[in-house]
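Enquirer: Shown below is the structure under consideration.
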């Protein structure tokens, strides 16, 4: 399981309190209504302040999708036309 520092926990707790009060906003200025989004904002703030937060996980689907879409096609060689 991932290890988080104290600062990360504090920031997430602050973000959740702000969300419940209705004061937490997204980057575009909209009100945050999702608990998951509030946690993500708290972790992001802790990360920017140097708190111990594990790296973001990248999507694993993209690698599998890329390998299936690659297809090798052979180009047919076209003989040049003879001019008379």
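The values are calculated or read from the model by the stated rules, or taken from the named source; none is laboratory data. Treat the numbers as computed from the prediction; the structure is a model and nothing was measured. FYI the Cβ positions are ideal-geometry reconstructions off the backbone, even for glycines, and counts take in every protein chain you see.
Enquirer: For region 1-22, give me the residue count where each residue is within 19 Å of residue 56 (Cα to Cα) and in contact with a helix residue (DSSP H, G or I) (Cβ under 7 Å, 6 or more places away or on another chain).
Expert: Looking only at that region, the number is 5.
Enquirer: Now for a different question. From the residues in region 50-84 that are under 30 Å from residue 12 (Cα atoms) and in a helix (DSSP H, G or I), which one is modelled with the lowest pLDDT?
Expert: Of region 50-84, the ones under 30 Å from residue 12 (Cα atoms) are 50-62.
In the following step, the residues that additionally are in a helix (DSSP H, G or I) were identified as 61-62.
On the way: 61: 68, 62: 58.
That would be 62.
Enquirer: Right, here's the next one. State all residues of region 1-49 that are in contact (Cβ under 8 Å) with a residue 24 or more places away in the chain and either in a loop (DSSP other than H, G, I, E, B) or in contact with a strand residue (DSSP E or B) (Cβ under 8 Å, 6 or more places away or on another chain) (or both); if no residue qualifies, say none.
Expert: 2, 3, 4, 5, 49
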